[in-house]
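This report refers to the structure that appears directly beneath it.
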Amino acid sequence: MQSVAHPTEPLASVERHLVDLEYTLERQSIAIARLQDELADANRRAEWYHVQFSEIMRILARDMHELRATLICSVVSDGPISAQVIQTLLRQTPGDASELEMLARPLRTHQGN
């Protein structure tokens, strides 16, 4: 009888391994599905942040344009201003504030003369 039981042991072992593999595949499939969900969520968040950043940049550009226009109007109202100074003011970047002050000062001194 042992000879009959002996051939079934390898089959039982193979069956256990197949069940283990099936269980492992199921766990891996669940893990992959979770990762896909996380990736989709991350992509949605990235798109949302991109839209928000673009909107902020659009608003900043508009505000910067309005600030430059206000600055030019205030300089013009202080006295005569050349087209070159206006062009320079329009091209100013936030780091050029000291140059802007230097350009505006000589015009104010000429106003009193």
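So the values come out like this:
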read-out	value
Computed label-point distance, nm, for sites THR8 and GLU66 using a 7 Å Cα→Cβ extension	8.6
Rounded to whole Hz, the Karplus (6.51, -1.76, 1.60) HN-Hα couplings of segment 11-24, x for glycine and proline	5, 5, 5, 4, 4, 4, 5, 5, 5, 4, 5, 4, 5, 4
Per-residue HN-Hα couplings for segment 42-47 [Karplus 6.51, -1.76, 1.60; θ = phi - 60°; Hz; x = Gly/Pro]	5, 5, 4, 5, 4, 5
Phi to ³J(HN,Hα) by Karplus 6.51 cos²θ - 1.76 cosθ + 1.60 over segment 48-55, Hz, x for Gly, Pro	4, 5, 4, 5, 4, 5, 4, 5
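Since every read-out is calculated from the coordinates, none of them should be taken as a lab result. The model shown is predicted, which means the values in this text are computed figures rather than measured ones. Every residue, glycine as well, gets a Cβ built from its backbone with ideal geometry; the counts of neighbours run over all protein chains shown.
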